[in-house]
Amino acid sequence: MKIADKERIISNILLLTALSSIGALALITVFIFVEGLPVILKTGIFDFIFGMKWKPAKGIFSIFPMIAGSFAVMAGAMMVSVPFALCCSIYLAEFAGDTARKFIKPAIELLAGIPSVVYGFIGVTVLVPFVKNYIGGNGFSVLSCSLVLGVMVLPTITSISFDALRAVPASYREGALALGATRWQAVKMAVVPAAGSGIIAAVILGMGRAIGETMAVIMIAGNSLIIPLSPLDPVRTLTSNIALEMGYASGAHRQALFATGVVLFIIIMGLNVLATRIINRAVK
């Protein structure tokens, strides 16, 4: 067999492997939409998304409290993680030596490998009692969940921000230093603005990671079907609603949970597309 024929076969095999991933995503998407759209259309898109009551036993399916809870938890997680992630990435990219970077960066990335149930267990045994005793509420709240999720998304934002900062050409730093700026001023006024698109994309991907988390949220959020008006209020997110009720749901109730998955799928897909466009714009 000629070398060209072997290369063609290998190329086709790799193409099929890549298409299999796309095919799996397409099948999952079709399945979710086929199962979930009937309830959305029957209830009405507006009533399903913006309605206030979720009562499966009475055939009432509205998910706005869960959408509000998901975004409240996500916003809280970003408030916790973004400042720390940005500071870590700037230190690792601009100030840390090779030895420090060699130990600190893998340690931060290792946080992403810890199972979410471990984060949830630590939150229940340590964080929830602390919030209850020293801040207020019953401990199971937006605040507790945001603190845990903030730690969970820290590796994602830090790693992508670090790559964005390292991708800034050295001429930016050298030009700022040549104009008399200190090292910190060069980073603040030249490097960070140049890496802004990558940092924003990192934050958006972190948002998608936070809003899609399930196990830790179930254990810490409190799972109350209310719109949170305070960081100390308990909430139920879209993911936790699916996980809590799918085990016993049937009929229209089961379809409504798939419809919840449709909304969650659209939100996360929108965040990923937005992040990809920002990254591509930065590359151009």
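Nothing in this text is a laboratory measurement; each read-out follows from the coordinates by a stated rule. Please read all numbers here as calculations on a predicted model, not as lab measurements. Quick reminder, even Gly has a Cβ in these numbers, built from the backbone with ideal geometry, and neighbours come from all protein chains shown.
For Ile60, the residues 5 or more places off, or on other chains, whose built amide H falls under 5 Å of its own are Lys55.
Which residues does the label zone of Ile135 cover in the range 226-248, counting backbone N under 19 Å from a point 7 Å along Cα→Cβ? Label zone hits: 226-237. For the range 134-284, taking Cα atoms only, Rg and Dmax work out to 20.4, 70 Å respectively.
Please state, to two decimals, what the Cα-based radius of gyration of the range 206-284 comes to when divided by 2.2 N^0.38 Å (N = residues).
1.33
Per-residue extension of 0.36 nm, minus the Cα-Cα distance of Phe121 and Ile22, leaves a gain of 32.1 nm for this segment. Cross-link partners for Lys132 among the aspartates and glutamates, with Cα-Cα distance under 14 Å and sequence neighbours closer than 8 places in the same chain left out: Asp233. Calculated FRET efficiency, Leu110 to Asn280, Cβ-Cβ distance, R0 = 35 Å: about 0.75 to the nearest 0.05.
Filter the trypsin sites (Lys or Arg not before Pro) in the range 35-105 down to the DSSP loop ones having no more than 14 other Cβ atoms within 10 Å, then list what survives.
Working: sites: Lys42, Lys53, Lys58, Arg101, Lys102; in loops: Lys53.
Answer by residue number: Lys53.
Stretching the chain fully between Ser171 and His253 yields a gain of 23.6 nm (0.36 nm per residue, less the alpha carbon separation). Placing a pseudo-label 7 Å from each Cα along the Cα-to-Cβ vector at Phe103 and Cys87 gives an inter-label distance of 2.0 nm.
Each Lys and Arg contributes +1 and each Asp and Glu -1, all at the Cβ; summed about the Cα centre of the chain, the dipole is approximately 240 debye.
Counting every Cα pair in the range 1-148, what percent are over 26 Å apart? Mind showing how you got there, number by number?
On the way: 6701 of 10878 pairs.
So the portion of pairs separated by more than 26 Å is 62 percent.
Taking each residue as 0.36 nm, the span from Leu15 to Thr29 lengthens on full extension beyond its C-alpha to C-alpha distance by 2.9 nm. For chymotrypsin sites (Phe, Trp or Tyr not before Pro), the sites in the range 189-284 that DSSP calls loop and that have at most 15 other Cβ atoms within 10 Å are Tyr248. Quick check for me: using +1 on Lys/Arg Cβ and -1 on Asp/Glu Cβ, what's the dipole size of the range 68-167 about its Cα centre, in debye to the nearest 20? Dipole of the range 68-167, to the nearest 20 debye: 120 debye.
The residues Asp163, Asp98, when put in order of fewest to most other Cβ atoms within 10 Å, stand as Asp98, Asp163. For the range 54-283, the residue among Tyr119, Ala72, Ile268 whose Cα projects farthest onto the positive side of the dipole built from Cβ charges is Ile268. Label zone (Ile227, point 7 Å along Cα-to-C-beta; backbone nitrogen cut-off 17 Å) within the range 14-46: 46.
Comparing Cα centroids, the range 162-238 and the range 30-52 end up 32 angstrom apart. Computed from the C-beta positions of Ala96 and Gln185, the FRET efficiency with R₀ = 22 Å rounds to 0.75. Considering only Ser81, Leu238, Gly44, the residue lying farthest towards the positive end of the dipole of the chain is Gly44, judged by Cα position with unit charges set on Cβ.
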